Amino acid sequence: MLDVRVALITGCGKSDGVGQAIARRLSDDGFAVVVTDREPGGVRNQGDADAAPGSGIDVFVASLEAEGRTAVALVGDIGDPADVTRMLETVDERFGRLDVLVNNAAAPQGPIAPISAS
């Protein structure tokens with residue numbers, strides 16, 4: 001087991017998403033990061049195109065590892081208690097601790113409109 005702080009971040013499948021940005025920042029700060037999503041390339045919104053080549057949790061983890069960072073990719077649905085248990089057990093087996101949990105997962109469905117002040 002590593003003697004580092006460990007963060008689990010949900011909703012990390014999209015390369016242009018908030019989840020990967022949070023995970024990268026935590027990694028920059030010395031955390032081992034465990035990135036998850038319900039689908040390897042992230043859950044697509046209705047208006048999204050298919051996942052871009054070179055995106056997804058596996059590609060993201062590989063890029064972090066190439067920089068000498070510690071990262072793990074897990075596919076799972078945080079709405080499924082069995083998946084949550086499996087993900088937490090994996091974190092415990094691999095690192096023996098969890099210091100930060102970022103519940104970022106959320107794929108808005110339906111039309112997305114800009115926010116405007118009226």
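The values are calculated or read from the model by the stated rules, or taken from the named source; none is laboratory data. Predicted model only: the values in this text are computed from it and were never measured. Cβ placement follows ideal geometry from the backbone for every residue including glycine, while neighbour counts extend to all protein chains displayed.
For the stretch 52-72, name all the residues that are in contact with a Ser or Thr (Cβ under 9 Å, 6 or more places away or on another chain) and either among the β-branched types (V, I, T) or not in a loop (DSSP other than H, G, I, E, B) (or both).
I57, V59, F60, L64, T70, A71, V72
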Worksheet item: Of the residues that make up the stretch 73-90, is at least one among the hydroxyl-bearing types (S, T, Y), assigned to a loop (DSSP other than H, G, I, E, B), at pLDDT 95 or above and more than 12 Å from the chain's Cα centre (by Cα)?
Response: no
Item to complete: Identify all residues within the stretch 74-86 that are touching a strand residue (DSSP E or B) at 6+ places or on another chain (Cβ under 8 Å) and either of a type in the set (D, E) or in contact (Cβ under 8 Å) with a residue 40 or more places away in the chain (or both); write none if there are none.
Response: L74, G76, I78
Worksheet item: Residues in the stretch 1-15 that are assigned to a loop (DSSP other than H, G, I, E, B), in contact (Cβ under 8 Å) with a residue 12 or more places away in the chain and not hydroxyl-bearing (S, T, Y): how many?
Response: 8
Discussion item. What are the pairs with Cβ atoms under 9 angstrom where one residue, in the stretch 51-68, is at positive phi and surrounded by 13 or more Cβ atoms within 10 Å (Cβ to Cβ) and the other, located anywhere, is at pLDDT below 95 and not in a loop (DSSP other than H, G, I, E, B)? Sequence gap at least six, or different chains.
Written reply: G56/D37
